[in-house]
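FYI, it's all coordinate maths here, none of it is from the lab. Being a predicted model, the structure only gives us computed values, none of them experimental. Positions of Cβ are generated from backbone atoms using ideal geometry, with glycine treated the same way; all protein chains shown enter the neighbour counts.
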Amino acid sequence: MAEYHLKAPLTEEDVCKLKLGDIVYISGEAFTCRSRLQKYIFDEGNTLPFSTADRNVLIHNGPIVVKEDGKWRLVSFMPTSSIRFEKWGAKSVDEWNLRMIVGKTTMGDETAKMMKEKKCVHVSPRSVSPNLWIDSIEVQDVYLYDELGRIEAAWFFKLNDIGPFIVDIDTEGNNYFDALDVEIAKRRETSMEELGIEHDFEFTKLY
């Protein structure tokens, strides 16, 4: 397991060196995205109102942001579960030329295949309270605020070495949690044998 401190925009070389389980800290420019933004672009046929050529880190996140004295201030920030957006994952990687998606949990097979083709990774937070990041994130701008609302809008952030994140999908399409599931299944089998629990055991039904 290696540790990297990367600065966006990310290059193909940056992400191709990342392996499953590696720890990553991220600096530079990124943008947020949730389901409404992806539906607005991919399902409803609207045009993304900004370029992702030099902003290729996407964060699955609906931040809490308030405006004070004419400036936006970040109040709360935590990546949300990426698997919720699997429907649009491959399109996002392909059409937005992404090098990294930041989000909790992981993503599905179609997104992983596109990540392998386009050289992109997915990373998840590793046991960090979101409030520890507030002072390391600068709000730069917001797009589609009126159309999508405060939570679903695309926020532009400048990150200052936020992390740690763990690489859970690499540029070869390998998934950290797939391997973890196999290991958990093996340990469960061993534990049940040691405890004398039958294989047809069922949990108590409460209702």
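How big is the convex hull of the Cα atoms of the stretch 6-52, per residue, in Å³?
Considering the Cα atoms of the stretch 6-52, their hull volume per residue is 119 Å³.
What list of ³J(HN,Hα) values in whole Hz, one per residue of the stretch 45-59 in order, does the Karplus curve 6.51 cos²θ - 1.76 cosθ + 1.60 (θ = phi - 60°) give from phi, with Gly and Pro shown as x?
Going residue by residue, I get x, 7, 9, 5, x, 8, 8, 9, 4, 10, 9, 9, 10, 9, 10 Hz, with x marking Gly and Pro.
Rounded to the nearest 500, what is the 222 nm mean residue ellipticity of the chain from helices alone, with -39500 (n - 2.57) per DSSP H run of 4+ residues and division by all residues?
-7000 deg cm²/dmol
Cα centroid distance between the stretch 93-146 and the stretch 29-54, in Å?
The stretch 93-146 and the stretch 29-54 have Cα centres separated by 13 Å.
Restricting the count to DSSP beta bridges whose residues both fall in the chain, what percent are antiparallel, rounded to a multiple of 5? Walk me through the numbers on the way to the answer.
Working: 23 of 38 bridges.
Looking only at bridges with both residues in the chain, the antiparallel portion is about 60 percent.
From the phi angles alone, apply the Karplus equation (6.51, -1.76, 1.60; θ = phi - 60°) to the stretch 107-116 and give each ³J(HN,Hα) in whole Hz, x where the residue is Gly or Pro.
My calculation for the stretch 107-116 gives 10, x, 5, 5, 5, 4, 5, 5, 4, 5 Hz in order.
Which far-off residues, 5 or more places away or on another chain, put their amide H under 5 Å from the one on I59, with H placed in the peptide plane?
Hits under the 5 Å cutoff: F31, T32, C33, V102.
For the stretch 3-176, what is the largest minus smallest coordinate of the Cα atoms on each principal axis, given in angstrom and ordered from greatest to least?
45, 37, 25
Counting other beta carbons within 10 Å of each residue's own, what order do H60, H5 fall into, fewest first?
Result, fewest neighbours first: H5, H60.
Per residue of the stretch 76-92, what does 6.51 cos²θ - 1.76 cosθ + 1.60 with θ = phi - 60° give for ³J(HN,Hα)? Whole Hz please, x for Gly and Pro, Karplus curve as stated.
8, 8, 7, x, 9, 5, 6, 4, 4, 10, 4, 3, 10, x, 5, 5, 4
Taking 7 Å along the Cα-to-C-beta vector as the label spot, tell me the D54-E193 distance in nanometres, rounded to one decimal.
5.9
Please arrange T105, T47, T204 by how many other C-beta atoms lie within 10 Å of their C-beta, fewest to most. Let's see the in-between values first.
Values: T105 15, T47 7, T204 4.
With the fewest neighbours first, T105, T47, T204 line up as T204, T47, T105.
Fewest first, what order do C120, C33 take by the number of other Cβ atoms within 10 Å?
Lowest count first: C33, C120.
Past 24 Å, Cα to Cα: identify those pairs from K39/K71; K7/K39; K19/K104; K7/K116; K67/K91; K19/K113, in the order given. Working shown, then result.
Values: K39/K71 28 Å; K7/K39 29 Å; K19/K104 18 Å; K7/K116 21 Å; K67/K91 32 Å; K19/K113 16 Å.
K39/K71; K7/K39; K67/K91, as the Cα separations exceed 24 Å there.
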